[in-house]
Each structure stands twice: as structure tokens, then as C-alpha cells.
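Here is the structure we will look at, set down as C-alpha cells.
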Amino acid sequence: MRIVIYPGTFDPIHRGHIDIAERASKLFDQIIFSVAVNSEKNPLFSADERIELILESTKHIPNVKAYSTDGLIADFAREHNAVALIRGLRHVSDFEFEFQMATMNHHLNNDVSTLLMVTSEHYIHLNSTVVKDVAKLKGDISKYVTQNVMDRLLEKFSNP
Ligand code: ADP
């Protein structure tokens, strides 16, 4: 069984993330989202909420799992017998950071290779921060997230 880890903050999951997961599911037998708990990004949603939203938004993709972690991704990959890590690449500016992470993760866990998947052009300008900013100002985010995520964002911003 070829297992791939998809690490990130996913605060919340959006269609750019879903697109990468859909395409990864054609290459691997199982995708495990690794949700960063102690993210420096100061998440709006708790790790459990982010996991719930990931599982709901990816129900159409076979064999998806999601767990939180506050440890090293290289160790998480080892615990789950993963052969690869997948990351989305939006801009050239993402490359330097991703290259450094991929090299470090390979040093820490020789059994894992990093795949950098180029984002679909529709989602190049999408990130979780933009989604939250637009939702907060009551803008239309229906093109960027699934209905469940939209509902939860509206709920968060109407009852902060
Ligand atoms: P963000 O908060 O910017 O959405 P995350 O930490 O949740 O970022 O990202 C997790 C992974 O998803 C990273 O590999 C990131 O490059 C990728 N990703 C983020 N946004 C997109 C997008 N719009 N299209 C494809 N991949 C993306």
C-alpha cells in the first residue's frame, strides 16, 4: 500500500488543497493529512475542527485519513509507513522553502520522498488567509471552499 502524507495547517481546507488531494489519490493508495497543531499561524479552527472539515470536504476521495501532529513530519511519516510527502507549489517563491523542507525531511527520514505538485491555475491565488479575510467581511467564498467550510466560517465570524 503506497501511503502519502499531506502536511499543512488547513485552517480551513480550501479547494486548492482538495485539488492536490484529488490528484494525489490517483498516484497513491491512501492519503493522510497531517494537521499542524502548534502552527505559528495562530489558527482560527482547533485541530479537531480542521480534521472534521478535511474529512467532510474530501468524502468523495477514496481512502483519506487525517490526524493532528505537533511533532516532526519525518517521524509522522515513519509512524504511518508513508513513502512520500506531497506539497502544493503555487508560485516560484514557494520553491525555496519547499526545497529546503524536502531536503531536510529526506535527511531525517530516508524512506520518504517529497513530491511538489504544481497548483491548478484556478487556485494559484487561493490560500486559507484570503478565504478567512473574505468570509469575515461577508464576501462570497463559495468558489473557494465546500459548503460545510463556508457554514463553519460564517458561524465563527457571527459568534466570535
Ligand atoms: P495555506 O494556509 O497557505 O492554505 P497550508 O499550510 O494549509 O497553507 O498548506 C498546506 C499545503 O497545501 C502546502 O503544500 C501548500 O503549498 C498547499 N496549498 C496551499 N494553498 C494551495 C493552493 N491554492 N493550491 C494548491 N496547493 C495549495
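The values are calculated or read from the model by the stated rules, or taken from the named source; none is laboratory data. Just so it is clear, the model here is predicted, and its values are computed rather than measured. Using ideal geometry, Cβ is built from the backbone for each residue, glycine included, and neighbour counts are taken over all protein chains shown. Please note that ligands, DNA and RNA were not included when accessible areas were found on the heavy atoms of the full protein model with its side chains. Shrake-Rupley method; radii C 1.70, N 1.55, O 1.52, S 1.80 Å.
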Can you tell me the dipole magnitude for the chain around its Cα centre, using point charges on the Cβ only (Lys, Arg +1; Asp, Glu -1), in Debye to the nearest 20? 320
Give me the distance between the Cα centres of the range 11-59 and the range 95-110, rounded to whole Å. 20
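Which trypsin sites (Lys or Arg not before Pro) from the range 99-160 combine a DSSP loop assignment with at most 10 other Cβ atoms within 10 Å? Show your work: numbers first, answer last.
Numbers: sites: Lys132, Lys136, Lys138, Lys143, Arg152, Lys156; in loops: Lys138, Lys143.
The qualifying sites are Lys138, Lys143.
Using a cut-off of 14 Å between beta-carbons, work out the net charge of the residues near Ser46 (Lys and Arg +1, Asp and Glu -1, Ser46 not included).
So the environment of Ser46 carries a net charge of -2.
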Rounded to the nearest 0.05, what FRET efficiency do Glu155 and Lys41 have when you use their Cβ-Cβ distance and R0 = 22 Å? 0.60
Between Arg78 and Gln147, the two model label points (7 Å from Cα along the beta-carbon direction) sit apart by a distance in nm of 4.4
Base-10 log of normalised Debye intensity for the chain (one unit scatterer per alpha-carbon) at q = 0.18 Å⁻¹: -1.14
By the scheme Lys and Arg +1, Asp and Glu -1, what is the net charge of all other residues having a beta-carbon under 13 Å from that of Ser34? +1
Kindly provide the GluC sites (Glu not before Pro) of the range 1-95 that DSSP labels as loop, not H, G, I, E or B, and whose Cβ sees at most 10 other Cβ atoms within 10 Å. Glu40
His91 versus Leu137, label points 7 Å from Cα toward the beta carbon: distance in nm? 1.8
Taking amide hydrogens as modeled 1.01 Å from N in the peptide plane, which residues meet the under 5 Å criterion relative to Leu72, leaving out close sequence neighbours? none
Counting only heavy atoms of the protein chains, get the accessible area per residue of the chain (1.4 Å probe) and round it to a whole Å² value. 56
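Summing +1 for each Lys or Arg and -1 for each Asp or Glu, what net charge is found among the other residues whose Cβ lies under 12 Å from the Cβ of Ser158?
Within the 12 Å Cβ shell, the charges total +2.
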Quick one: how many lysine pairs does the chain have with C-alpha atoms less than 21 Å apart and a gap of 8 or more or different chains? Give me the count, please. 11
Could you sort Ser120, Ser93 by accessible area so the largest value comes first, with the probe set to 1.4 Å? Ser93, Ser120
So how much accessible area does Ser46 have, in Å² to the nearest 10, using a 1.4 Å probe? 60
